[in-house]
1. Tell me, please, whether a residue that is more than 25 Å from B:F333 (Cβ to Cβ) and part of a loop (DSSP other than H, G, I, E, B) can be found in region B:164-177.
2. Looking at (1) among the charged types (D, E, K, R); (2) assigned to a strand (DSSP E or B); (3) within 14 Å of another protein chain (Cβ to nearest Cβ), which is the one condition that is false for B:D54?
3. Consider B:I45 against the criteria (1) within 25 Å of the chain's Cα centre (by Cα); (2) at pLDDT below 95; (3) not small (G, A, S): it satisfies all of them except one. Which criterion is unmet?
4. Which one is farthest from the other protein chains (Cβ to nearest Cβ) among residues in region B:194-229 that are in a helix (DSSP H, G or I) and in contact with a Pro (Cβ under 9 Å, 6 or more places away or on another chain)?
5. For region A:72-83, does any single residue satisfy the condition of being buried (at least 22 other Cβ atoms within 10 Å of the Cβ) and outside any loop (DSSP other than H, G, I, E, B)?
6. Where residues in region B:331-363 are part of a helix (DSSP H, G or I) and aromatic (F, W, Y), which of them is nearest to B:L160 (Cα to Cα)?
7. If you take the residues of region A:133-178 that are buried (at least 20 other Cβ atoms within 10 Å of the Cβ) and of a type in the set (S, T, Y), which of them is nearest to A:I67 (Cα to Cα)?
Amino acid sequence: MTGSVYALMATGLTLIFGVMDIINLAQGILVILGAYLSYALAVHLHIDLFVGLLITIPTMFIVGIVIERAFIGRLKGPEKTAMSILVTYAVSLLIEGALNIIFSTNDVQLQAWYVNKSFAIGSVHFGYIYVAGFILAVGLLSSLYFMLYRTRFGVSIRASLADQTSAALVGIDVRRVSTICFGIGVAVTAAGGMIYGATNSFNASTSYDLISRLLTIIVLGGMGSLGGAMLAGVGMVFVGDMVGVVWSPIWSSMSYFIVLTIVLLVRPQGLFGKPVVRVA
Amino acid sequence: MNTKRKLFQTLSVTSVATASLLGAAFTTISGASSSTLAKGAPVKIGISLSLSGDFSADGQAFKQGYQLWANSVNAHGGLLGHKVVLDIVSDASDPTQVVTNYQKLISTDHVNLTFGPFSSLLSLPSAKAVSRYGYALVEGAGGAPSVFQAGLNNIFDVSLPVANDLVPFSKWVTSLPMSSRPKTVAYVTSNDPFTEPQVTTIEPTLTKAGIKSVYNKVFPAEVTDFTPIADAVAAAKPDAVVLGSVDVPTVSAFMQAFEQSGFSPKVFIATGGPDQGSTFIQAVGAKNADGMMVPNAWYGGSANPLSKTMVAAYVKKYGGTPAGVSSDVAEAFSVGEVVAQAVKATGGFDNAKIIAYLHGKHTMQSVQGPVTFNKLGMNITPTAFTFQWQGAKFVQVNPVNDPNSVKVLYPKPAWGK
């Protein structure tokens, strides 16, 4: 269930890369920003964590649009992808600094009556928050799939994913599609951040750990592949947990990277990525 | 022509050699100049702290402790009449960056003294770096055995050596009557130099007392999801849980997973996290904190007059209650107090003299109690205590025969009760 939340966060990252060729290193801090928004609503306005998503998801969408318009959209030329790493890292540092000033570096965790509660089926206990997070992640990912494969805008996105130049030639406003895609990619961090913040203590520095995991997820799944991100997100947590329980926790983190290395040796483009041919 | 060329080459080599010697001499003079200060000049203290990264919460608390000490000293006329200026740089909790930081602080910023960073993980490389310049590194959070085993002459830890932190706890457990003593225990610890020695130290004692180990695992610091480990501990149903944790997130993750599994041990002690005052309470909730134990040498309710003054100054500046003051603050404050006493005793800021003084078996006073260093730089005087959250209060419970200890809340109340 934890893997589905990672999948949700990684989906935003891979969507942004797939459509825009942008490696968004700020995705980790945006997840934390989403968590802090839920925290602020819960603590100061006493708004339930899930109800608060009605505010935080649109807010994060707007944050994404602003970042895209202010920084990302200005990147042009063949070095665009490489430059995006620097620009989004700078954005990440700015947001981290602001969060440290506003919320301090003390660890916090989102609290609600259901956060620590569970129900049992037989001898197995299921935490409400994990089940709710799983349902939320599946719901949002399904909505994302519906939008991509059942709407006109989804066709525009998929066309842009396949070939931006061709998409522009058939009249698709690639610039607008890119902006909205970035907004969507950031909006999902509100949900991911809320679930993450309810299941983990966090502060702004937690983002470094998060972004490193999210990047490895989309590399394993295949850069730009939504299905790959979902599978790799669930796989990362599943492999680590199984090794931790069956063998030893000391190997749990490394086991995922062993799987990643083996997959990349066999399929350098990741599980569902497309092979890239460099033109001299 | 050949003679002229040889002469030119000889002159060139001589010039380069002379320049190098002058440079070296200048560097030495420059380094030496840090020990003497012009009248009215401030004394600069270089510190690398984890203001971001894994230890950022502790790093900020350390910063508060250092600043409180500097404010206190400056309010009383400074160090030997020199105003104290702290030169604090962030190491992002990175053992490589911390080395770069101290090199910069000494060679570029020309600080007069250096105070330590947070954690054993960063203190050891820092001490090695500053030792090359002949500086003392007095620190408050680097008490792991590996720090002292390095055999450095310049490191001094003002706090309790970590290996014995859990000893009062193990003494209390083994003093319980057999009928009420925990029958089983789970040991689960992060692979950190701060946590592992503490846990391994008490294992033989508890085993000898007939307490059976039902789970004993080490996990890496970068674990993503503590749930399966915590579930495995819960499945073993131990009466006592000894968790080797460095920070609040690790403890809160285990507590949450235990509660979701419907498991509440009779005793739950964590090596770090519950001592972080209000930060811990914010993360886990006041009700869940009830009964949680942690070892340390200091707490906000300490009767030490120096501590009371510091706590009052902290609450005045940052708000909150004495129970909410992190032990990191006291550890940092103690560093300043010890260095100040060494500076006054040696009459200056000469690091060689300060190192010699600190090795001289002198007993200094700090908010954490007396400080006396052995030849390894380990503080040999402090007493280890165990603290427990009881009804939103952080109280001392061990050693049992200490007059300031209150009765242990045992068994620990169920979660949220």
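1. Yes, region B:164-177 contains a residue that is more than 25 Å from B:F333 (Cβ to Cβ) and part of a loop (DSSP other than H, G, I, E, B).
2. (2)
3. Unmet condition: (2).
4. From region B:194-229, those in a helix (DSSP H, G or I) are B:196-208, B:227-229; that's our starting set.
Right, trim to in contact with a Pro (Cβ under 9 Å, 6 or more places away or on another chain) and you get B:197-198, B:206, B:228-229.
Values: B:P197: 17, B:Q198: 18, B:L206: 21, B:P228: 4, B:I229: 5 Å.
Result: B:L206.
5. Scanning region A:72-83, I find at least one residue that is buried (at least 22 other Cβ atoms within 10 Å of the Cβ) and outside any loop (DSSP other than H, G, I, E, B), so the answer is yes.
6. For region B:331-363, the residue satisfying everything is B:F333.
7. A:S178
Yes/no matrix, rows are residues, columns are (1) among the hydroxyl-bearing types (S, T, Y); (2) in the same structural domain as B:Q198 (by TED's automatic domain parsing):
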site	(1), (2)
B:G142	no, no
B:P145	no, no
B:F148	no, no
B:G151	no, no
B:D157	no, no
B:P168	no, yes
B:S175	yes, yes
B:S179	yes, yes
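The values are calculated or read from the model by the stated rules, or taken from the named source; none is laboratory data. Keep in mind that this is a model prediction, so the values were computed, not measured. Ideal geometry is used to build each Cβ from the backbone, glycine not excepted, and the neighbour counts take in all protein chains shown.
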